[in-house]
Structure formats: C-alpha cells, structure tokens
Amino acid sequence: MSSGQGLVVAVDGPGGSGKSTVARELARRLGLRYLDTGAMYRALTQLALEQRIDIEDAAAVGELSERAVISVGVDPEAPTIAVDGARVDAEIRTRAVTNAVSAIAAVAAVRGRLVAQQRQIIEAAGAVGGIVVEGRDIGSVVAPDAAIKVFLTASTEVRALRRSRQLGEKGVDDVARTLAELDRRDVLDSTRAADPLAVPDGAIVLDSTTMGVPEVVEAVLRHCGQSTAAGQSAPVGQSTNAVS
C-alpha cells in the first residue's frame with residue numbers, strides 16, 4: 001500500500017507477542033503515526049457488551065458496526081480510542097472484552113467496515129510520512145502491499161505471563177487462566193473464515209520469547225534500513241503529534 005508517499009509498516013501477531021509495545025516504539029523511532037487496529041475491534045466489543053447484544057448474533061453485531069462511530073487517535077505517544085464520541089481507552093482492556101473480541105472480529109460485516117476505515121487512516125497518514133499498523137491481518141489483508149511486514153510470535157507461556165502482568169495479576173492460577181484464554185483465542189483467530197490470523201507473505205518472523213522490546217525493535221529497524229536501501233520503501237517522514 002503506497003499511502004501516498006509514506007512508509008507503511010505492518011506488525012502482526014497473536015495476543016501477548018509484544019506487537020503493541022514494539023509497534024508504538026517503531027512509530028516513535030521512525031517518526032510515523034501509529035494505528036492499533038485491535039483497539040477498534042475491542043471498542044466495538046465493549047459497545048456490544050454494554051448494550052447487551054448477543055456477540056454470537058452476527059446480524060446484530062454487523063448492524064451495530066454500521067451505526068457505531070469509532071474514532072482513533074494515531075499519535076504513538078498517546079493513542080486514543082472512542083466510540084460515539086466517548087473515550088473507552090481503559091474499558092477495552094478488561095478481561096471481559098478480551099474474551100469476547102474474537103467473536104466480534106469473526107463477523108465478516110464488522111471486518112469489512114473496520115478494514116475500510118483502517119485503509120482510510122493509512123492513506124491519510126501518507127501525507128505526514130506514513131504509519132506503523134498493528135493487528136492480526138495487516139500484512140495479509142489491510143495493507144498487503146506494505147513495504148515492511150513483521151510477524152511477532154512468542155511461546156504461549158510467555159505470552160500468558162505478559163498478559164497477566166498487563167492485567168495486574170501475579171498469581172499462578174491467574175497465569176494459568178490467561179494461558180487457557182490465549183489458547184482459545186489463538187484457535188478462534190487462526191481458524192475464522194474471515195481474514196484469519198496467519199503469517200503474511202513476505203513478512204519477517206521474529207520470536208520474542210527470549211527477546212526484549214529493544215532487541216525486537218532494533219531487528220525490525222535493521223530490516224527497514226535494508227528495505228529502504230533496496231528501494232522497497234519511501235523515505236521516512238518527520239515525527240508529528242497530530243491526531244486524526
């Protein structure tokens with residue numbers, strides 16, 4: 001995806017692989033905007049739960065996606081997410097939303113609506129240098145022509161530990177519960193009919209099980225430099241704090 005003359009970096013991977021932290025740091029280092037597509041699906045999930053809509057009712061969920069207005073802030077220093085004008089940054093990170101989001105994200109109508117919006121955001125970012133986009137189908141569906149494609153992975157045990165820490169949980173039982181939930185979500189995300197989680201063609205695969213964030217970021221930056229030198233990507237733009 002050309003995104004005007006901007007650089008598009010696609011970062012995909014399962015939950016707990018570190019893609020959010022890595023993608024935000026990449027955006028900061030490259031002077032690009034940042035889009036968390038998962039937050040958009042989470043925002044719709046939060047709305048569905050709030051309105052007591054059956055998340056297994058594809059028609060009802062699809063209708064909800066047609067009328068909900070999801071707004072995304074793309075400043076990597078302070079990304080934001082709002083539904084119908086109300087900020088939901090904290091609400092979308094609860095365990096309830098995490099456990100329900102795969103069902104929402106599997107609805108074809110939802111994916112069609114949000115992918116279209118994501119592509120508009122990516123295109124608009126081209127005017128200010130480009131964007132780092134993270135999710136589960138960026139390099140394969142949302143931006144298949146992205147100059148840089150990264151697929152982050154890690155062992156399920158490490159991902160569960162990371163996710164539990166994010167939730168403020170430290171007990172062995174908490175981690176075991178999170179591990180089971182991640183296994184379930186991995187299956188749902190990788191086997192859904194619409195845009196399943198998969199390693200995109202041309203992506204570099206990084207296993208972050210034993211890597212820290214700085215190591216992963218440096219590995220991706222080296223790849224960015226190699227691709228730029230080979231003429232596969234446009235020059236990186238200047239950093240911006242503007243949010244759209």
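Some points to look at:
- In the set (1) touching a helix residue (DSSP H, G or I) at 6+ places or on another chain (Cβ under 8 Å); (2) of a type in the set (A, V, I, L, M, F, W, C); (3) at pLDDT 85 or above, the condition left unmet by residue 158 is number (1).
- Exactly one residue among 144, 196 is under 24 Å from residue 104 (Cα atoms), modelled with pLDDT of 95 or more and not aromatic (Phe, Trp, Tyr), and that residue is 144.
- In the stretch 187-214, residue nearest to residue 148 (Cα to Cα) [restricted to those that are among the small types (Gly, Ala, Ser) and touching a helix residue (DSSP H, G or I) at 6+ places or on another chain (Cβ under 7 Å)]: 203
- Only listed residue being modelled with pLDDT of 95 or more and crowded, with 21+ Cβ neighbours inside 10 Å, chosen from 69, 110: 110
- In the stretch 72-87, the residues that are open to solvent by less than 40 Å² (accessible area, probe 1.4 Å) and either basic (Lys, Arg) or within 20 Å of residue 185 (Cβ to Cβ) (or both): 81
- Only residues that are open to solvent by 10 Å² or more (accessible area, probe 1.4 Å) and closer than 27 Å to residue 67 by Cα were counted across the stretch 116-139, and they come to 8.
- Considering only residues in the stretch 161-213 that are of a type in the set (Val, Ile, Thr) and free of Cβ contacts under 8 Å to residues at least 12 places away in the same chain, the one that is farthest from residue 138 (Cα to Cα) turns out to be 172.
- Residue match in the stretch 123-146 (condition: free of Cβ contacts under 8 Å to residues at least 24 places away in the same chain, within 28 Å of residue 29 (Cβ to Cβ) and charged (D, E, K, R)): no
The values are calculated or read from the model by the stated rules, or taken from the named source; none is laboratory data. Everything quoted here is computed from the prediction, not taken from an experiment. Please note: Cβ atoms are built from the backbone with ideal geometry, for glycine as well, and neighbour counts cover all protein chains shown. Just so you know, the surface numbers come from the protein's heavy atoms only, side chains and all, with ligands and any DNA or RNA stripped out. Shrake-Rupley method; radii C 1.70, N 1.55, O 1.52, S 1.80 Å.
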